[in-house]
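The values are calculated or read from the model by the stated rules, or taken from the named source; none is laboratory data. Bear in mind that the values here come from a model prediction, so they are computed numbers and not experimental data. These area figures cover heavy atoms from the full protein model, side chains too; ligands, DNA and RNA do not enter into them. Shrake-Rupley method; radii C 1.70, N 1.55, O 1.52, S 1.80 Å.
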Amino acid sequence: KTNKKNKNKKGKIMKCTINDAENYVGSGGNFFKLENDGETAKIRFMYNTIDDVEYTVVHEVEIGDKKRFVNCIRAYDEPVDNCPLCAAGSRAKPLLFLPIYNEDAKETQIWQRGRSFEGTISGLCSRYNPLVGTVIEIERHGKKGDKNTTYQPYPGKSDDVTLDDLPEKPDHVGTIVLDKTFDELSYFVENGTFAEEDTKPVDRRAERTPQQ
């Protein structure tokens, strides 16, 4: 049976720990991206330990000619009918929306990564504690559009910077990831759009940016 308790609650953004991500089968801030092979940037991950890192479980849908991320509103062990998109056959997937401070741009950004980045962020957290106290140079290996692109981290010296020294973490919920209720998701399944999308322009910062 559908859990009616959560049907119309905003903010039901399903998150999970790194250990729970495997149970899922399957744009509030600027995006961080390196577009060209060999391009680098110095950043700080806005985390202390691996316990701070969470996946956000999303569906990817098409609204008009754009692809957007929408919140999945059920946990992997809940009935499929608890989320209209899951019930309609849309695959839920856990993604990392990593909050970073870009030392070069002097601003907070969000870096979208998939599960292939899990080992990298886990390894950094285990070696540098708190992680935010280390500036890390990220180098892109792969031409623009290359699906096999990888990112190599080069940690520098650690310092005394804490999260309190940096601006507030950017939030991807409600912008990069649309925050929808059960009824709004049901409307989308039936109509292929959200009612307000017909009258409200899309914030370009919230559009999906390719991971490559």
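These residues, 80, 57, go from largest to smallest accessible area, 1.4 Å probe, as 80, 57. Rounded to the nearest Hz, the phi-derived 3J(HN,Hα) couplings of segment 91-103 under the Karplus curve 6.51 cos²θ - 1.76 cosθ + 1.60 (θ = phi - 60°) are 6, 8, 9, x, 10, 9, 10, 7, x, 10, 10, 7, 5, where x marks glycine and proline.
Step through the table entries 42/143; 106/147; 33/67; 106/180, compare each Cα-Cα distance with 23 Å, and write down the pairs that go over it.
On the way: 42/143 20 Å; 106/147 29 Å; 33/67 18 Å; 106/180 32 Å.
Beyond 23 Å between Cα atoms: 106/147; 106/180.
Of 93, 66, which has the most accessible area with a 1.4 Å probe, and how do the rest follow in descending order? Don't skip to the answer; put the middle values down first.
Numbers: 93 40, 66 65 Å².
From most exposed to least exposed: 66, 93.
Couplings 3J(HN,Hα) for segment 119-135, derived from phi with the Karplus relation 6.51 cos²θ - 1.76 cosθ + 1.60 (θ = phi - 60°), are x, 5, 5, 5, x, 5, 5, 6, 9, 10, 9, x, 5, 4, x, 10, 7 Hz, where x marks Gly and Pro.
If you take the Cα Rg of segment 21-129 and divide it by 2.2 N^0.38 Å, with N the number of residues, what do you get?
Values: Rg = 16.0 Å, N = 109, 2.2 N^0.38 = 13.1 Å.
In units of the globular-protein estimate, segment 21-129 measures up at 1.22.
Take residue 35: with every protein chain present and a 1.4 Å probe, its accessible area is about 80 Å². The solvent-accessible area of residue 128, taken with every protein chain present and a 1.4 Å probe, is close to 60 Å².
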